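Accompanying notes for the structure given below.
The values are calculated or read from the model by the stated rules, or taken from the named source; none is laboratory data. Just so you know, these numbers come straight off a predicted model, no measurement behind them. Every residue, glycine as well, gets a Cβ built from its backbone with ideal geometry; the counts of neighbours run over all protein chains shown. With ligands, DNA and RNA removed, areas are computed over all heavy atoms of the protein, side chains included. Shrake-Rupley method; radii C 1.70, N 1.55, O 1.52, S 1.80 Å.
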Amino acid sequence: MKTLDLIDSFSEFKDLKNIDRETLMHILEDVFRSALVKHYGSEDNFDIIVNIDKGDLEIFRNRTIVEDDAVEDDKREIAYSEAIKIESDFEVGEEIAEPIYMSEFGRREILAIRQNLVGKIQDYEKSQIFQKYKEKVGEVIVGEVYQPWNKEILVLDEEKIELVLPKSEQIPSDRFRKGDTIRAVVQKVEMKNNNPSIILSRTSPIFLERLLEAEVPEIYDGLITIKNVVRVPGERAKISVESYDDRIDPVGSCVGVKGSRIHGIVRELRNENIDVINYTPRVDIMIQRALSPAKISSIRILEDEKKAEVFMAPDQVSLAIGKGGHNIKLAGKLVGYEIEVFRDTDEDYEDVDLREFNDEIDQWIIDELYKIGCDTAKSVLALSKEDLIKRTDLEEETIENVIKILKSEFDEE
């Protein structure tokens, strides 16, 4: 065998692994130079010629021809009598390039070369995947669900690269089956045990931001700027947007005609309620917009404490707080202020804190009412039975009993 025929060893990698010509040549040289060092103790007097197209590789050892009795280092020098056996017209002082055949290496050495080559190819692939996705952090990718598990979903991209969507990064109502198409944002990329770990997210605010960019050309073109995005995944989100062109309505552009632009995003996010708010540097106006649909009577801003005290009519409190307290929490995050809601004290009436009824109403029921902004007896009575059932997880019989207890408090008065 005149050459090291490595069609099975590296030509297949070129075709199947999509490795560029120059990189494959470098990998092969590195692998065989390492093998030469182990076998001959050095590799600096060897030439390696790689022929990618033919799928073969040739190695030549260069030695200087010396007199028969002058050989001091047979790894770098060759006796004249040995040289003329290769080619009869050689002379002392010339260099001879001898081909190295596979037979020069033992079976274990050949196996080690093969394993080293496979390892180098795999390391290169891992490095390429890591670099590729490191540059994609914050971008939305589309993949196919390969295997859904309890704690995570294994996703394959178009190149069959494995990506992971953890349970914590899934919208609570997400339900995916094998073969489903999935959209998510690349959240982070890191090396774990020399393997690239690519983590996706559907709960990140960046995911919503990228979906908006894709649906709203004005955002992509820079005519509208997204100032902030806050989310309770699957429940509610608030986005503040701004346009530097007075002719462009940032909110209207994001929502679209009859909600055409925002509806697709809402469906993707499992019916997440999305509020788009026109940004303003004035904190009081921003808070008022962020707490919509609740109507505010007055606001007191405490700049040093980054806190805002908001006063409103009693029937507006539950709207401001929202289901599960999501509305007020997101409004605070969007504006960057801690928001406290107070009922207007201008109205002349007596009210009773719900906690004073804990001897008649179970604490977990009171907690459930607190979640929707009902912290007093009259704030509960201001809502209809149907509204209370809809907003809470309480049963009709429980609601009726609560209303009866609270009404009796004021009937006695």
Cβ-Cβ distance below 7 Å, separation of 6 or more or different chains: which pairs start in the range 94-115 with a residue that is more than 18 Å from residue 80 (Cα to Cα) and end on one that is modelled with pLDDT under 80 and open to solvent by 80 Å² or more (accessible area, probe 1.4 Å)? 101/1; 102/1
Matching residues in the range 392-412 (at pLDDT below 85 and surrounded by 14 or more Cβ atoms within 10 Å (Cβ to Cβ)) number 2
In the list 199, 224, 239, 219, which residue meets the criterion of being in contact with a Ser or Thr (Cβ under 6 Å, 6 or more places away or on another chain), hydrophobic (A, V, I, L, M, F, W, C) and closer than 19 Å to residue 138 by Cβ? 224
Just one of the numbered conditions (1) at pLDDT 95 or above; (2) of a type outside the set (S, T, N, Q); (3) open to solvent by less than 20 Å² (accessible area, probe 1.4 Å) is not true of residue 276; which one? (3)
Which listed residue is out of contact with any Phe, Trp or Tyr (no Cβ under 8 Å at 6 or more places or on another chain), at positive phi and of a type outside the set (S, T, N, Q), from 336, 332: 336
Residue 206 being open to solvent by less than 50 Å² (accessible area, probe 1.4 Å), touching a residue at least 60 places away in the same chain (Cβ under 8 Å), over 13 Å from residue 142 (Cα atoms) and out of contact with any Pro (no Cβ under 9 Å at 6 or more places or on another chain): no
Give the residue that is farthest from residue 219 (Cα to Cα), with candidates limited to residues of the range 257-314 that are assigned to a strand (DSSP E or B) and basic (Lys, Arg). 300
The lone exception for residue 189 - which of (1) over 16 Å from the mean Cα position of the chain (by Cα); (2) aliphatic (A, V, I, L, M); (3) closer than 20 Å to residue 134 by Cβ it fails: (1)
Determine if the range 346-369 includes at least one residue that is aromatic (Phe, Trp, Tyr), within 30 Å of residue 411 (Cβ to Cβ) and at pLDDT below 85. yes
Determine which single condition residue 192 fails, assuming it passes every other condition in (1) in contact (Cβ under 8 Å) with a residue 24 or more places away in the chain; (2) within 25 Å of residue 126 (Cα to Cα); (3) of a type outside the set (A, V, I, L, M). (1)
Specify the residue that is surrounded by the fewest Cβ atoms within 10 Å (Cβ to Cβ); the eligible residues are those in the range 164-203 that are under 12 Å from residue 145 (Cβ atoms) and of a type in the set (Gly, Ala, Ser). 179
Residue within the range 28-35 that is under 28 Å from residue 124 (Cα atoms), in contact (Cβ under 8 Å) with a residue 60 or more places away in the chain and not in a helix (DSSP H, G or I) present: no
Based on this model, can you work out whether residue 300 counts as under 27 Å from residue 374 (Cβ atoms), basic (Lys, Arg) and open to solvent by less than 60 Å² (accessible area, probe 1.4 Å)? no
Just one listed residue, out of 313, 290, is under 34 Å from the mean Cα position of the chain (by Cα), of a type outside the set (S, T, N, Q) and open to solvent by less than 50 Å² (accessible area, probe 1.4 Å), and it is 290
Kindly indicate the residue of the range 126-138 that is under 24 Å from residue 213 (Cα atoms) and charged (D, E, K, R) and also surrounded by the fewest Cβ atoms within 10 Å (Cβ to Cβ) among those meeting that condition. 135
Would you confirm, using the coordinates I've provided, whether residue 79 is small (Gly, Ala, Ser), in contact (Cβ under 8 Å) with a residue 24 or more places away in the chain and over 28 Å from residue 123 (Cα atoms)? no
Quick one: would you say residue 22 is in a loop (DSSP other than H, G, I, E, B), open to solvent by 80 Å² or more (accessible area, probe 1.4 Å) and either modelled with pLDDT under 85 or among the hydrophobic types (A, V, I, L, M, F, W, C) (or both)? no
Looking for something part of a loop (DSSP other than H, G, I, E, B) and either surrounded by 14 or more Cβ atoms within 10 Å (Cβ to Cβ) or β-branched (Val, Ile, Thr) (or both) - is there at least one such residue anywhere in the range 139-155? no
Here the qualifying pairs (Cβ atoms under 8 Å; residues six or more apart or on different chains; first in the range 119-137 and under 18 Å from residue 20 (Cβ atoms); second polar (S, T, N, Q)) come out as 123/194; 124/23; 126/194; 126/195
Kindly indicate which of 80, 101 is open to solvent by 50 Å² or more (accessible area, probe 1.4 Å) and at pLDDT 85 or above. 80
